[in-house]
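This report concerns only the one structure given below.
The values are calculated or read from the model by the stated rules, or taken from the named source; none is laboratory data. These numbers come from a predicted model, not from an experiment. Here the Cβ positions follow ideal geometry from the backbone for every residue, glycine too, while neighbour counts run over all protein chains shown. SASA here: full protein model, heavy atoms, side chains in, ligands and nucleic acids out. Shrake-Rupley method; radii C 1.70, N 1.55, O 1.52, S 1.80 Å.
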Amino acid sequence: MTQESPPPPVPPALRKRFRAIRRVATILLLGYSMWMGTLYALQERLIFPRDMTGSVVPDKKIPPAVERIWIASSESAEGSGGGVERVEGWFFRAHRGDAAPAPAVIFAHGNAELIDHNVETAEWYLERGISVLLPEYRGYGRSGGHPSQDGIQQDMIAFHAWLTARPDIDSARIVYHGRSLGTGIVAQLARVHTPAALILESPFASIASIARGYCVPAALLKHPYRTDKVLPMLTCPILILHSSDDEIIGIDHGRRLHKLAPGSTLVEMTGSHNTWMGTKDEYWEAIEEVLRESGVTR
């Protein structure tokens with residue numbers, strides 16, 4: 001038998017190059033692993049930056065029209081070992097000329113806001129005979145607990161039950177209006193209880209789609225907020241308000257959601273994420289239109 005000759009030796013320069021490539025690959029892998037670990041540990045602080053909300057309004061300065069309510073919120077669902085916390089909500093009752101039950105709006109604020117900051121929005125709805133519920137998020141403001149997608153959804157369902165149980169509220173004419181993070185929150189509520197209309201202001205398609213921009217796989221997310229999976233299931237009127245200048249949540253998110261819900265209305269405006277809202281006539285005109293379309297106002 002003919003004995004095979006041994007392979008030629010790898011040149012020293014090539015071996016040196018292979019070792020360098022392995023070192024670089026190892027460093028990149030370790031760096032990526034550390035990046036993933038850091039983002040995984042910090043995702044609650046990034047999604048729910050409670051340290052950026054500012055102080056709550058002192059009790060004596062809470063508007064006299066506010067009816068403060070509290071719901072019991074079990075923390076055991078988050079694996080924290082049980083315990084019951086209270087979550088605050090502010091209810092504004094519309095004063096109408098008749099005794100008929102009024103329509104209502106559940107307004108969910110952004111991730112660096114409190115219910116204290118949204119009185120002007122409530123007043124706009126009140127002027128149109130629409131009652132308003134501002135639910136706080138667990139762990140925000142005066143509310144106990146720790147925020148999470150599942151926990152906040154449980155609280156929103158409880159707030160919805162409280163609202164629909166009121167004899168002065170028409171449960172068939174309840175609108176959900178969310179801003180920024182609040183859009184994901186009201187979309188999750190809409191998956192359980194379909195609203196008369198859904199208003200999404202500066203929405204994101206999902207937290208997962210934002211995370212992809214930072215090379216973070218969706219599997220690492222504890223709070224994915226998949227609005228993109230909810231909207232195609234809804235048949236109610238949907239209004240999407242988004243700024244083409246939004247530097248935090250790009251306009252591509254609003255456009256993608258509009259495509260996923262072909263019957264929705266997309267209104268594109270200008271201005272930054274935190275300054276354009278409520279400053280333009282077309283903003284309020286679009287909201288008035290969807291309220292009429294849904295039969296909430298006549």
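Please work out whether the range 88-154 counts as rounded, prolate or oblate from its C-alpha gyration tensor, where a ≥ b ≥ c are the square roots of the eigenvalues and a/c under 1.5 means rounded, while otherwise a/b larger than b/c means prolate and anything else oblate? Prolate, since a/c reaches 1.5 and a/b exceeds b/c. Seen from all directions on average, the range 167-298 presents a Cα convex hull projection of 8.6 nm². Per residue, the chain reaches -11000 deg cm²/dmol at 222 nm when only DSSP H runs of four or more residues are counted, each adding -39500 (n - 2.57).
Longest segment of the chain with no GluC sites (Glu not before Pro) in a DSSP loop having at most 13 other Cβ atoms within 10 Å? That would be 5-126. Computed from backbone phi, the HN-Hα couplings of the range 105-111 come to 10, 9, 10, 10, 7, x, 6 Hz, rounded to whole numbers (Karplus: 6.51 cos²θ - 1.76 cosθ + 1.60, θ = phi - 60°; Gly and Pro given as x). This model, with +1 at the C-beta of Lys and Arg and -1 at the C-beta of Asp and Glu, gives the range 177-298 a dipole about its Cα centre of some 680 debye. The mean accessible area for residues of the range 202-287, using a 1.4 Å probe and ignoring ligands and nucleic acids, is 46 Å² per residue. Angle, helix 149-164 long axis vs. longest principal axis of the chain, Cα atoms, 0 to 90°, nearest 10? Value to nearest ten degrees: 10.
Entry note, the chain: relative contact order of 13 percent, from Cα contacts under 8 Å with a spacing of 6+ residues. Surface composition of the range 245-298: carbon plus sulfur atoms contribute 46% of the solvent-accessible area (1.4 Å probe, protein chains only, all chains present). Taking a ≥ b ≥ c as the square roots of the eigenvalues of the Cα gyration tensor, the range 98-226 is classed as prolate, since a/c reaches at least 1.5 and a/b is larger than b/c. Overall dimensions of the range 201-271, expressed as equivalent-ellipsoid semi-axes from the Cα gyration tensor (√(5λ), whole Å, largest first), are 21, 17, 8. Shape descriptor for the range 140-204: Rg over Rh equals 0.97 (Cα atoms; Rh from the Kirkwood inverse mean 1/r). The angle separating the long axis of helix 12-47 from the principal Cα axis of greatest extent in the chain is about 10 degrees. Rolling a 1.4 angstrom probe over the range 61-213 with all protein chains present gives an accessible area of which 48% lies on carbon and sulfur atoms. Semi-axis lengths, largest first, of the ellipsoid equivalent to the chain are 47, 22, 17 Å, with √(5λ) applied to each eigenvalue of the Cα gyration tensor.
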